[in-house]
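Trainee: Structure incoming, see below.
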Amino acid sequence: MKIALIGYGKMGKMIEQAALGRGHEIVSIIDVDNQQNFDSPEFASADVAIEFTNPTAAYGNCLKAFDKGLKVVSGSTGWMDGHKADVERMCREQGKTLFWASNFSVGVAIFSAVNRYLARIMDGFPQYDVRMEETHHQHKLDWPSGTAITLADDIVGSLGRKHAWAKGTLTKPDGTVEGSARCAPGELRIDAVRRGEVPGIHTVEYDSEADSITITHSAHSRQGFALGAVLAAEYTYGHSGLLTIGDMFKF
């Protein structure tokens, strides 16, 4: 399979190695300093473009790839909510294909399935309140993380006593804290921490006066995300429309 990479930071380089290790060919690499290559024949020759950039650039990158007839796998977070209706329309009416996920890790996909199952169980035990915390590296711009939002949406969808998630506190790399730990009883609070080079930690805690139940996924490196992105590209190559992790992993 011929792959174009959009974004060549740490994740882009790891995706490149994962793709080459699975026998794929990287035909084009686009970063901030060579945006003109969106119009190159090499980029247009790709079967799938894998896009890992930032919230401000992701949607435009997807449009440029769509314009060249490419299917896209995007792992950029913080942009989909504002453009989901447009993406759905393009996939439905124009035959575009986008595989978007807040996290491509196989472990996170399993963790998400456990999270949904636990939420369904806890719906019958109102004495437990629930909160979340996510920790990421100091360079991450958006908060809460896209993965935390996806996990929270799954909880809200199963837990009758929660109707929405809410931003809690953000602990910055220098130790300062913004935001508030207060939220309405019907809201699921998500706290965030930014420090060092942490690849990603997500924790869901159910707490009562008697005890607490906690589940955590902790990434040791970004390698799992990179491999998952390549697996998603392989899946996208043979499928169409607006695709998600739930399409690829049938848990």
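Trainee: Considering each of 210, 219 in turn, give the residue that is of a type in the set (A, V, I, L, M, F, W, C) and either free of Cβ contacts under 8 Å to residues at least 40 places away in the same chain or over 24 Å from residue 16 (Cα atoms) (or both).
Mentor: 210
Trainee: Evaluate the following for residue 163: is it at pLDDT 95 or above, open to solvent by 10 Å² or more (accessible area, probe 1.4 Å) and in contact with a His (Cβ under 7 Å, 6 or more places away or on another chain)?
Mentor: no
Trainee: Which of the residues that make up segment 151-160 are surrounded by 22 or more Cβ atoms within 10 Å (Cβ to Cβ) and either closer than 15 Å to residue 245 by Cβ or polar (S, T, N, Q) (or both)?
Mentor: The one that is surrounded by 22 or more Cβ atoms within 10 Å (Cβ to Cβ) and either closer than 15 Å to residue 245 by Cβ or polar (S, T, N, Q) (or both): 151.
Trainee: What strands (runs of 3 or more DSSP E) lie completely within segment 1-88 and have 3 or more residues being of a type in the set (Ser, Thr, Tyr) and open to solvent by 10 Å² or more (accessible area, probe 1.4 Å)?
Mentor: Answer list for segment 1-88: none.
Trainee: For segment 170-181, give me each residue that is open to solvent by 30 Å² or more (accessible area, probe 1.4 Å) and either within 17 Å of residue 103 (Cα to Cα) or touching a residue at least 12 places away in the same chain (Cβ under 8 Å) (or both).
Mentor: 171, 172, 173, 179, 180, 181
Trainee: Report yes if residue 107 is of a type outside the set (Ser, Thr, Tyr), farther than 23 Å from residue 198 by Cβ and open to solvent by 10 Å² or more (accessible area, probe 1.4 Å), otherwise no.
Mentor: No.
Trainee: For segment 121-141, give me each residue that is among the aliphatic types (A, V, I, L, M) and without any contact (Cβ under 8 Å) to a residue 60 or more places away in the chain.
Mentor: Once the filter is applied, which keeps residues that are among the aliphatic types (A, V, I, L, M) and without any contact (Cβ under 8 Å) to a residue 60 or more places away in the chain, segment 121-141 yields only 121.
Trainee: Spot the failing condition for residue 144; the list is (1) open to solvent by less than 30 Å² (accessible area, probe 1.4 Å); (2) in contact (Cβ under 8 Å) with a residue 60 or more places away in the chain; (3) within 21 Å of residue 105 (Cα to Cα), and only one is missed.
Mentor: (2)
Trainee: Could you grab the pairs with beta carbons closer than 6 Å, sequence gap of 6+ or different chains, first residue in segment 98-120 and in contact (Cβ under 8 Å) with a residue 40 or more places away in the chain and more than 26 Å from residue 65 (Cα to Cα), second one open to solvent by 20 Å² or more (accessible area, probe 1.4 Å) and acidic (Asp, Glu)?
Mentor: Taking only residues 6 or more apart or on different chains, the pairs are 115/154; 116/154.
The values are calculated or read from the model by the stated rules, or taken from the named source; none is laboratory data. All values reported here derive from a predicted model rather than from experimental measurement. All Cβ positions, even for glycine, are placed from backbone atoms using ideal geometry, and neighbour counts span all protein chains on display. Heavy atoms of the whole protein, side chains included, go into the accessibility calculation; ligands, DNA and RNA do not. Shrake-Rupley method; radii C 1.70, N 1.55, O 1.52, S 1.80 Å.
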